[in-house]
């Protein structure tokens with residue numbers, strides 16, 4: 001039952017995540033599986049849009065989380081034209097809290113700051129049959145401020161399901177398109193994510209996971225959204241992703257020694 005649900009979930013996310021292009025690249029939410037002081041999670045995720053995220057979260061004292069993460073999206077060609085590309089690298093630093101609710105439930109939250117650098121060259125929406133395509137060539141640096149809340153539930157001794165919600169504010173600090181400066185007021189995005197986790201054994205220090213997330217503009221201005229000649233529009237387009245990954249829990253390895 002769970003296996004059929006996960007396969008269907010990943011298939012739907014793949015179709016959504018394969019479409020569209022945007023200068024902003026969402027990082028995967030954290031939602032660490034940490035329940036006590038001294039616990040640590042080191043995770044790596046690969047999305048089907050060719051993005052790799054790595055992050056480490058630690059609890060130095062009870063109910064406190066300290067997190068650092070980084071993301072890299074490669075320069076794989078977009079569409080069939082090798083002159084089109086999208087590259088992105090970014091990092092996040094965050095502090096947070098967690099509260100176990102019995103043996104099954106876990107709730108938590110994080111707040112943090114990050115920076116990103118994107119380089120992209122493409123035609124808006126890839127191509128257009130009825131309208132003239134708009135060529136973009138971005139060199140973009142932006143800051144982001146984020147808040148995240150998450151909830152997970154164990155569904156047996158080896159598996160868990162959960163949901164995370166992120167609110168992200170983008171601030172464009174140094175952005176050009178075709179060499180011309182791009183400015184915009186702070187852009188708010190909301191980013192829900194569903195995830196599934198599986199341990200190969202009850203005492204395993206390794207956990208496998210899959211996730212499906214979306215990112216879209218919170219305050220949607222219809223006039224701005226329809227202005228194909230406004231480069232800032234490319235920071236407001238919706239995105240989605242499917243990812244698979246693995247997490248290691250060093251504190252469980254230390255306990256075995």
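Taken together, the values in this text are just the output of simple stated rules run on the coordinates, not laboratory data. Fair warning: this is a prediction, and the values are worked out from it, not measured in the lab. Don't worry about glycine lacking a Cβ; one is built from the backbone with ideal geometry, like all the others, and counts go over all protein chains shown.
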Open item on the list: I'm checking a number: the convex hull volume of the Cα atoms of region 130-187, normalised per residue, in Å³. What is it?
Closed with: 177
TODO: For a footprinting-style exposure proxy, rank 203, 177 by other Cβ within 10 Å, fewest first.
DONE: 203, 177
- [ ] In nm, give the distance between the simple-model label positions of residue 254 and residue 198, each being 7 Å from the Cα along the Cα-to-Cβ direction.
- [x] 3.0
Open item on the list: If I model a spin label as a point 7 Å beyond the Cα along the Cα-Cβ vector, how far apart are those points for residue 63 and residue 105 in nm?
Closed with: 1.7
